[in-house]
1. Among the numbered criteria (1) surrounded by fewer than 22 Cβ atoms within 10 Å (Cβ to Cβ); (2) modelled with pLDDT under 95, which one does Leu62 miss?
2. Checking Arg328 against (1) surrounded by fewer than 19 Cβ atoms within 10 Å (Cβ to Cβ); (2) more than 26 Å from the chain's Cα centre (by Cα); (3) of a type outside the set (A, V, I, L, M, F, W, C); (4) farther than 26 Å from Phe416 by Cβ, which test does it fail?
3. Kindly check whether there is at least one residue in the stretch 391-410 that is surrounded by 23 or more Cβ atoms within 10 Å (Cβ to Cβ), part of a loop (DSSP other than H, G, I, E, B), of a type outside the set (S, T, N, Q) and assigned by TED's automatic domain parsing to the domain that holds Met238.
4. Looking only at the stretch 150-178, filter to residues that are in a strand (DSSP E or B) and of a type in the set (Lys, Arg); which one of those is modelled with the highest pLDDT?
5. Where residues in the stretch 338-366 are free of Cβ contacts under 8 Å to residues at least 60 places away in the same chain and of a type in the set (A, V, I, L, M, F, W, C), which of them is farthest from Phe406 (Cα to Cα)?
6. Consider Asp121 carefully, then state whether it is in the same structural domain as Leu176 (by TED's automatic domain parsing), farther than 21 Å from Gly26 by Cβ and either surrounded by fewer than 22 Cβ atoms within 10 Å (Cβ to Cβ) or within 23 Å of the chain's Cα centre (by Cα) (or both).
7. Looking only at the stretch 255-269, decide whether some residue is within 32 Å of the chain's Cα centre (by Cα), in the same structural domain as Arg361 (by TED's automatic domain parsing) and assigned to a strand (DSSP E or B).
8. Tally the residues that are more than 21 Å from Lys345 (Cα to Cα) and surrounded by fewer than 20 Cβ atoms within 10 Å (Cβ to Cβ), restricting the search to the stretch 372-385.
Amino acid sequence: MKQKVSIPSDAVHLEGELTIPEHATGIVLFVHGSGSSHLSPRNQFVAGALQNLGLATLLFDLLTEEEAAERENVFDIDFLAHRLSDATRWLLRRADTRDYPLGYFGASTGAAAALVAAAQDKNIAAVVSRGGRPDLAIRQLAGVRAPTLLIVGGHDFGVIELNEKAYRVLRCEKLLKIVPGATHLFEEPGALEQVSGLAGNWFKRHLREPETANSETDHPIVYTDRTAAGRMLARRLMSYADTDVVVLGIPRGGVPVAKEIAGALGAPLDIIVARKLGAPGQTELGIGAIVDGDHPSAIFNWETIYRLGVSEDYVDAEMSRQLQEVKRREAAYRNGRSAIPLAGKTVILVDDGIATGASVRAALRGVRRRQPGRIVLATPVAPPETIEALRGDADEIVCLETPADFFAVGQFYRDFRQVSDDQVKAILSEESSAASSEALGE
């Protein structure tokens with residue numbers, strides 16, 4: 001399916017062409033260089049090759065005709081990266097493209113814009129640079145996490161050295177490939193075919209969901225780890241980017257997932273600590289849950305309490321014990337930082353998975369007492385009956401998988417190692433430092 005598109009950015013619309021082959025496995029955004037457009041025959045050639053491999057493509061103009069006439073705009077890498085990010089968010093808001101893994105293909109100065117945008121957006125799964133100027137993004141290169149392929153012509157003297165310099169700075173998975181005999185525009189016979197082959201192999205390798213099982217068996221997703229789950233979940237939440245939103249992770253496992261979402265949305269990250277109330281002699285059996293706040297909030301599983309004959313004195317003592325632990329953890333995790341105000345904001349509450357939902361329900365009610373404008377519950381996996389039971393506690397629920405054969409959250413992760421207190425502290429400290437630097441304009 002090929003269609004003309006108009007992408008809103010700032011006060012203008014960017015014209016382009018979106019092509020989605022049947023059974024596409026990912027989507028590549030093309031970022032052309034100076035003096036070019038989305039009609040560039042070279043990018044059109046590579047796009048056609050990627051489409052034949054089952055990859056969707058978006059070719060679009062980063063500047064309007066009037067903007068392109070001002071020469072300084074053509075070389076304003078940060079501005080071009082901003083336009084690319086707008087196009088990325090536009091794709092993530094469309095029902096027919098939001099679930100695809102994303103890649104960038106940049107040429108010349110467009111490659112620098114692609115790398116700057118990728119450094120700012122953890123959702124980007126791969127970057128390819130053709131005859132690019134990655135040196136123009138040198139300050140951001142160390143922050144690029146997406147696997148990056150640099151393709152340079154063997155006779156593109158000067159640009160080869162610039163790519164070698166950039167290659168040394170990159171800290172992600174990376175590869176530098178030189179096409180023998182090719183010049184900057186790869187006009188030599190067979191040169192663009194080599195570029196297309198290299199780019200196609202790179203994107204097919206990285207624009208896929210390694211977390212997914214064989215779709216023919218209709219098995220639920222098995223996530224590589226919490227980071228991968230967070231990235232997938234973030235794609236479903238991009239409509240909240242650039243809004244007044246706060247992301248809350250439930251320690252400990254929910255915090256690495258929440259970190260990825262906060263990073264993708266450009267939102268602040270905080271925590272809310274909920275603790276299970278354990279049954280007498282069976283601490284793993286929950287009789288309720290409690291969460292701290294100006295007025296601590298607790299919920300109870302009265303059926304279990306009555307069935308086990310749990311006394312009121314035990315419940316009070318268990319609440320007091322767990323509330324002390326909640327306060328201890330919050331103080332330790334925040335390390336003197338104040339909780340982020342939630343009044344009037346959209347709050348996205350995140351956990352790495354939900355089983356019975358008792359702790360999550362307590363957390364939701366604790367959040368509600370802080371008077372947010374909207375509460376969104378986000379989790380990679382939960383049983384369908386738990387999600388239905390929680391619908392009255394959240395304004396919206398985003399859950400990627402609701403398998404009927406749910407036994408434990410860990411069965412849906414390849415790596416489900418316990419998250420430590422130190423890891424939670426490090427994540428929150430890192431996010432707080434980044435937010436402070438951004439506020440100071442550093």
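The values are calculated or read from the model by the stated rules, or taken from the named source; none is laboratory data. In this text, all values refer to a predicted model and were calculated from it rather than measured experimentally. Ideal geometry is used to build each Cβ from the backbone, glycine not excepted, and the neighbour counts take in all protein chains shown.
1. (1)
2. (4)
3. Among the residues of the stretch 391-410, not one is surrounded by 23 or more Cβ atoms within 10 Å (Cβ to Cβ), part of a loop (DSSP other than H, G, I, E, B), of a type outside the set (S, T, N, Q) and assigned by TED's automatic domain parsing to the domain that holds Met238, which makes the answer no.
4. Lys177
5. Ala343
6. no
7. Taking every residue of the stretch 255-269 in turn, at least one turns out to be within 32 Å of the chain's Cα centre (by Cα), in the same structural domain as Arg361 (by TED's automatic domain parsing) and assigned to a strand (DSSP E or B).
8. 2
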